[in-house]
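Asker: Sharing a structure here in structure tokens format.
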Amino acid sequence: MIVRIMGEGQVKLDDAHFIELNKLDDELLAEMESGDEAGFRRTLGALLDSVRRLGTPLPDDALEPSELILPAPDASLAEVREMLSDDGLIPG
Amino acid sequence: MSDGVMKRMGMIFRAKANKALDRAEDPRETLDYSYQKQLELLQKVRRGVADVATSRKRLELQLNQLQGQSAKLEDQGRKALALGREDLAREALTRRSALQQQVTDLETQHQTLQGEEEKLTLAAQRLQAKVDAFRTKKETIKATYTAAQAQTRIGEAFSGISEEMGDVGLAIQRAEDRTAQLQARAGAIDELMASGALDDPTGMAKDDITAELDRLSGGSDVELELQRMKAELAGGPSAQQQAIEGGPGGAAQQAPQQQHPRLDKQ
């Protein structure tokens, strides 16, 4: 599966790793919903690190659509919440 | 997979990406999506070309078959005529005529399909060229964007450095101010201690009065020494002793007797 880290690039990940990543993803969602900024930062960092560690980076000229998208490493809780709001990632 | 942040962002992105290509978070990502869409379109055109080509081939097969049947009927008609069966020959030629009509129709269809196929092939080629050009442009834009981002980062780094330098400048200013303040304070303390308004905790400094007394007593020491030396020159150690014991006042009183010390002694 191809995962894009926004502002960073794409990574190819073996599906077997998703059990581990999903745990962090669920944790991230919970922290986002509860407004736990510190927890959110920590989990996002851990999630991105895991994706980078487990995945193989795709070359810049690769044209693979990303099946999953992760916020940029410096994205704040508020930004991600906004991205996931009704308006979505792209306004309009 | 659960509906976590990763999946939700992915879904939202896919749903929104083609709606607002130029307003995306990262233009490089939408460029990739746009290119993906173009490739899909190209794929569709190519599939169309392939479909038309398949239909054309099917028509060609049918035409061959009909032409074979037509030739066979013509042959049968010739044989029937040779055997004197004009009725059979007429039947064969009538059937052949009907087949010929079908052949003509199919040939027209075949020509139309061939024209379509050529048009679609040309369109596919043009689209391919456009997609290739877009790919090149996309990569250029992406590279430019990345470079611009890097430049921004460098700019930010520079401004960060200048901010830091500003901080350093401020720190130096503060240090200088502090030094000047300390120097001024030290100067003031020296003056205060010299004037006796401030006690020297080390006990090294002396107030004006003590200094004057010291100076005066120092002066009397000199007078005493002078007396002692004079006594030494004039006579023995007893005279010296007397002079010393007498003190400055005594010495002054005894001064007229110094011309005859020996007599005094005796």
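Asker: Condition first: within 7 Å of chain A (Cβ to nearest Cβ), at pLDDT below 70 and either in a loop (DSSP other than H, G, I, E, B) or surrounded by fewer than 17 Cβ atoms within 10 Å (Cβ to Cβ) (or both). Now tell me which residues in the range B:16-36 satisfy that.
Answerer: Correct list: B:LYS19, B:ALA20, B:ARG23, B:ALA24, B:GLU25, B:ASP26.
Asker: Name the one entry in A:PRO59, A:PRO73, A:PRO65 that is at pLDDT below 85, in contact with a helix residue (DSSP H, G or I) (Cβ under 7 Å, 6 or more places away or on another chain) and not polar (S, T, N, Q). First the steps, then the outcome.
Answerer: Values: A:PRO59 fails: in contact with a helix residue (DSSP H, G or I) (Cβ under 7 Å, 6 or more places away or on another chain); A:PRO73 fails: at pLDDT below 85.
Answer to the check: A:PRO65.
Asker: Out of the range A:82-92, which residues are modelled with pLDDT of 65 or more and more than 9 Å from every other protein chain (Cβ to nearest Cβ)?
Answerer: Those that are modelled with pLDDT of 65 or more and more than 9 Å from every other protein chain (Cβ to nearest Cβ): A:GLU82, A:SER85.
Asker: Mind telling me which of the residues B:ARG126, B:ARG56 ends up being modelled with pLDDT under 90, under 60 Å from the mean Cα position of the chain (by Cα), more than 30 Å from B:GLU29 (Cα to Cα) and among the charged types (D, E, K, R)?
Answerer: Details: B:ARG126 fails: more than 30 Å from B:GLU29 (Cα to Cα).
From the options B:ARG126, B:ARG56, the qualifying one is B:ARG56.
Asker: Also, quick follow-up: Can you say whether A:ASP49 is more than 8 Å from every other protein chain (Cβ to nearest Cβ) and at pLDDT below 90, as far as the supplied structure shows? Steps first, please.
Answerer: Numbers: more than 8 Å from every other protein chain (Cβ to nearest Cβ): yes; at pLDDT below 90: no.
No, not satisfied.
Asker: Condition check: under 13 Å from B:MET6 (Cβ atoms), over 11 Å from the mean Cα position of the chain (by Cα) and modelled with pLDDT of 85 or more. Does A:LYS12 satisfy that? Write out each step before concluding.
Answerer: Details: under 13 Å from B:MET6 (Cβ atoms): no; over 11 Å from the mean Cα position of the chain (by Cα): yes; modelled with pLDDT of 85 or more: yes.
Judged against the criteria, A:LYS12 is not a match.
Asker: Every residue in the range A:55-81 that is touching a strand residue (DSSP E or B) at 6+ places or on another chain (Cβ under 8 Å) and more than 8 Å from chain B (Cβ to nearest Cβ), please.
Answerer: A:GLY55, A:THR56, A:PRO57, A:LEU58, A:ALA62, A:GLU64, A:ALA72, A:PRO73
Asker: Filter the range B:105-121 down to the residues that are farther than 10 Å from B:VAL45 by Cβ and among the aliphatic types (A, V, I, L, M), then identify the one that is modelled with the highest pLDDT.
Answerer: By that ranking, first place goes to B:LEU106.
Asker: Say whether the condition of being at the interface with chain B (Cβ under 9 Å from one of its Cβ atoms) and not β-branched (Val, Ile, Thr) is met by at least one residue in the range A:12-19. Walk me through it before giving the result.
Answerer: Pass one, the range A:12-19, residues at the interface with chain B (Cβ under 9 Å from one of its Cβ atoms): A:18.
Add one more test, that the residue is not β-branched (Val, Ile, Thr), and what stays is A:18.
So far as the range A:12-19 goes, yes, one or more of its residues are at the interface with chain B (Cβ under 9 Å from one of its Cβ atoms) and not β-branched (Val, Ile, Thr).
The values are calculated or read from the model by the stated rules, or taken from the named source; none is laboratory data. Nothing here was measured: the structure is a model prediction, and the numbers come from that model. Using ideal geometry, Cβ is built from the backbone for each residue, glycine included, and neighbour counts are taken over all protein chains shown.
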